[in-house]
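In what follows, a single structure is set out as structure tokens and then discussed.
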Amino acid sequence: MPPTSTDQTGAGPTFTRSIAITVRQPSKLRNLELFLLLVALGIAGTAIALVQLGVNGSIDVGVLIQAGALGMLALGMHVALRVVARDADPFILPIATTLNGLGIAMIYRIDLARGDSGWESLGVRQMVWTGLAMIIALGVLILIRNHRVLARYRYVAMLVGIVLLLLPMLPGIGLTLNGARLWIQLGSFTFQPGEIAKIALAVFFAGYLVTARDSLSLVGRRVLGLQLPRARDLGPILIIWVVAMAVLIFQRDLGTSLLYFGLFVVMIYVSTGRLSWVLIGLGLFLGGAAIASRTLTYVEGRFAAWLDSFNPEVYDAQGGSYQLVQGLFGMAQGGLIGSGLGQGSPTITPLAESDYIIASMGEELGLVGLFAILGLYLLFVARGFRIGFNGTDDFGRLLAVGLSFVVVLQVFVVVGGVTRVIPLTGLTTPFLAAGGSALVANWIIAALLLRLSDEVRHQPRLVVDE
Amino acid sequence: MNKELRRVSIVALAMFLALFVSTSVIQVFAVDELRADGRNARTLYESYSAERGPILVDGTPIAESVPVDDEYEFLRTYTQPELYAAITGYFTLNQGNTGIEGELNDFLSGTANEQFLDQLGALVTGQNPRGAAVELTVDPVIQQAAWDALGAQQGSVVVLEPATGRILAMVSKPTYDPNRLAAHDTQAVLAAYEELINNPDDPLVNRAIAGDLYFPGSVFKVLMAATAIDSGEFTPESTFPNPPRLQLPNSSSEIGNSEGGTCGGGETVSIADALRLSCNIPFAELGLALGEDTISEYAEAFGFGTRVEIPMRAAASTFPEGLDDAQLMLSSFGQYDVRVTPLQIAMISAAIANGGNLMQPTLVERIIAPDLSIVREDDPVLFSQPISRETAATMTRLMTEGVANGAASNASIEGVAVAGKTGTAENGGDAPYTLWFTGFAPADDPQVAIAVVVEDGGGFGQSAFGNRVAAPIAKQVLEAVLNR
């Protein structure tokens, strides 16, 4: 920790000075957070107003008041942090708020273009879900005062995760949308349990790996310079592989299976330091994906659309590259500085409010806007990794890395899919895209990272370690 | 654990870098290629959402792009749609453009080469692209007078300024409302277009310059008389035999003069009298004497056979080729297969009015960029010199007689010498006549040359003639000009 300007007297021993820093730190952090949060709310409010001006040419105060209520909720979260997690990272809440606010503005903009209103309006739903997600995140912060409790429930978490993942496959409540069976439906209420499952699985991985890593990393035969694990240590990873493949095959969702698998591989690598696990993991996934791409027509179609997007046959094919190409057209139209909010034509692209919200952003905010959004994600992830570097307990560090990497993977899979880095798969852009389950899940991730970061700062190690 | 974490961080950073690169490629480097793709509807929207330049008459927009709240951003709106439809044409989203809207589309949309630097400037300053304004030569007072004078008749009125070729009025009836075709509701536009294109009266056709063309009938005698005099072989006093009926060579058909009987009294009749009284037989004899080649030569000098660009390309008026004597004699008073546009007939009068110098007709005064700099402004251009100054002076005298004491009497205006010629063209069988007037005024200092055509016998079938229907229309327009 660098000394602050108030400590320039040079008097007194190092020890005392450091104590002074840690005492003063919390309120400084929270004040910084408050300032950033106000900036975030300003950005979100301005974006919504610009959307109204761009599409309607007038301001609708009602919507701004609703958005303002959400802003109050975010401020409420800040106040709660001052009480329950005074040392929490000051960047996480403002970043999540900015992205969530920009997302609401863009979804609302697409509603306006389509003429949707009331409960039909995705923007209204997104705002309601945002409120719900923030309240749940607040609950997580208040209920989980010590994250180590979570490590104890690791097998419960695994069970919960797998059940949630497989829930949509139950007849009766399972719902297939856009070809993927990822939703459950109870009455008019739909939910994507897989979104929550990824958190449960991250908790399980962190808890399991912290206890099992010695046997995973030290025991086993060496073959060709690689330390191969024992068969019985392979058990859990095989279970996860089977689950991921089941998701891929039965729920027809390449992105989600990639997410789980990538998460597990990264966490096992960080905890054991064994490259063999990464290679085994990658090999299993790529092998599975290769077979899938040959045998499952929808995966095959995605690959064709990715590699040969502009081929008229692929473009016109059912499930072809029409959406991908229209998204690219939109982004190209936006160019460097974008058309301005409400000034483009993002609705030409199907799913402009969810899977393709990043293309909508690119069209109206331009490359500049996309860089800013990607920059915010990068900062968010960096704050999560920082916990991984500076945390004191391995479970917390591993969980923070896992949760951060969930965000990395989601951003990469979605934005990479839209921009033709990888084949297109359906994942949600964290905080931005329309979708209640994802919003709840990502706010829970934010809450857990806030909780974990609070623990980091509390450690006395920081005090002596100048 | 930190070593692994660092590596994972690098992987994460690399993943983000890939995204920074991919978005940059799409939004900066591949932009041109993606925008040029035919499947890119946004490019189409953008071309319509550029603020299209207005079409101006005397500084007032008659066609302008009005901001609207849809994906096209601007709606092309015509303030006096029917009055100017023949000139403006229509601007549609994807059904093509006509008239000035079509011909000067590059300027109006701002994509003309002359406007390249402006486009570049707009790109740098981030302004919305805007098209140039097209200022027309049309005089709103004369245009309105021509519109009113033609009334409910089908036909056309063209008014030229002889000294410059500027088109002061161009009316075609029946017409249409271009706003119906400029709408953004594609279904409604298609329905309107279907209705207009299937209308037997062809409201979409600008009769002044296009369509099926007309038989000129007796107004062609102006060209014949000018040819005869300018050729040097004849004078206005040259005489021809004056029978009441004439059998065509190698044919059983007979021709007569429109009033029946001889052309005035006497055994012979002069060209001057034949023109004044609009007799057919003397001109048939004159045509035979001049020969097809001479007539063709003069007709081409007056503009026949040329698709005059005003800037819309007018249909070429035609004088037929390879005629036998009977056909040549019929052609000599504007029948058989002579076909003209009203613009062509106005050009003949304009050439005579301008001392034999025929000026290139045009509708465009100037083209003005959004920053008010002038993109294009043409000086008057000489189209041709079909006849000498002397011939023109003689023709002026003869045509003035025609209005003062002849067959075009209904165009006479108190206190002003009007030069003119009427025409009553037969369309074969029982078909109603086509009624004409052409001329200019004042005869001693011509300000305007005019051509009026009324279809369908002006509602009188075969009982009306040019002096009864077309000459009063011309008179009304000329009075409006003189009272400006």
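Observations
- Chain B, relative contact order in percent, only Cα pairs under 8 angstrom and at least six apart counted: 15
- Charge dipole of the protein assembly as shown about the Cα centre (unit charges at C-beta), most positive-ward option of B:THR92, A:HIS147, B:ALA449: A:HIS147
- Between B:ASP70 and A:SER215, the FRET efficiency estimated from the beta carbon spacing at R0 = 56 angstrom works out to 0.25.
- Each of B:LYS421, B:LYS3, B:LYS475 has some number of other Cβ atoms within 10 Å of its Cβ, and from fewest to most they run B:LYS3, B:LYS475, B:LYS421.
- Distant alpha-carbon pairs in the range B:231-326 (separation over 21 angstrom), percent: 45
- Share of pairwise Cα separations in the range A:329-368, more than 13 Å, in percent: 35
- The value of relative contact order for the range A:348-466, using C-alpha pairs under 8 Å at least six residues apart, is 26 percent.
- The range B:17-78: trypsin sites (Lys or Arg not before Pro) in DSSP coil with no more than 16 other Cβ atoms inside 10 Å: B:ARG39
- Normalised by the number of residues in the range B:404-449, the mean separation of alpha-carbon contacts (under 8 Å, six or more apart) gives a relative contact order of 32 percent.
- For the pair B:ASP37 and A:ILE65, label points projected 7 Å from Cα toward Cβ lie 4.4 nm apart.
- Remark: spin-label model distance A:LEU38-A:TYR155 equals 5.2 nm, labels positioned 7 Å along the Cα→Cβ axis.
- Ratio of Rg to Rh over the protein assembly as shown (Cα coordinates, Kirkwood Rh, two decimals): 1.24
- Descending semi-axes in whole angstrom, ellipsoid equivalent of the range B:172-302, from the Cα gyration tensor: 45, 17, 13
- Kirkwood-Stokes translational diffusion coefficient of the range B:1-99, alpha-carbon pairs, 37 °C, 0.692 mPa s, µm²/s: 185
- Ordering A:ARG397, B:ARG397 by the number of other Cβ atoms within 10 Å of each residue's own Cβ, fewest first, gives B:ARG397, A:ARG397.
- Counting charges near B:VAL418 (Lys, Arg +1; Asp, Glu -1) among other residues having Cβ under 14 Å from its Cβ returns a value of -1.
- Per residue Cα convex hull volume in Å³ - calculated over the range A:351-448: 95
- Expressed per residue, the C-alpha convex hull volume of chain B stands at 170 Å³.
- Candidates per GluC sites (Glu not before Pro) in the range B:326-406, loop by DSSP, up to 15 other Cβ within 10 Å: B:GLU377
- DSSP assigns beta bridges within the protein assembly as shown; of those with both partners inside it, close to 90 percent run antiparallel.
- Inter-part distance where the range A:263-287 and the range B:163-240 are each reduced to a Cα centre, Å: 82
- Taking A:TRP129, B:TRP436, A:TRP277 and counting other C-beta atoms within 10 Å, the order from fewest to most: A:TRP129, A:TRP277, B:TRP436
- Using equal-weight Cα scatterers in the Debye expression, the normalised intensity of the range B:159-249 in log10 at q = 0.11, 0.12, 0.17, 0.19 Å⁻¹ is -0.62, -0.69, -0.95, -1.05.
- Note on A:ASN31 and A:ASN390: the model spin-label points, each 7 Å out from Cα along the C-beta direction, lie 1.9 nm apart.
- As an equivalent ellipsoid, the range A:57-98 spans semi-axes of 27, 11, 4 angstrom, where each value is the square root of five times an eigenvalue of the C-alpha gyration tensor, largest first.
- Cα long-axis angle, helix B:292-301 against chain B (0 to 90 degrees, to the nearest 10): 40
- Counting only other chain Cβ atoms within 10 Å of each residue's Cβ, the peptide B:28-40 averages 4.
- Note on the range B:384-430: Kirkwood hydrodynamic radius from all Cα pairs is 12.2 Å, rounded to one decimal.
- Gyration tensor (alpha-carbon) shape descriptor, the range A:42-180, a/c threshold 1.5: oblate
We did not get these values from a lab; they are worked out from the coordinates using the rules stated. Here the structure is a predicted model, which is why all the values come from computation and not from measurement. When we count neighbours, we look across all protein chains shown, and the Cβ atoms used for this are built from the backbone with ideal geometry, even at glycine.
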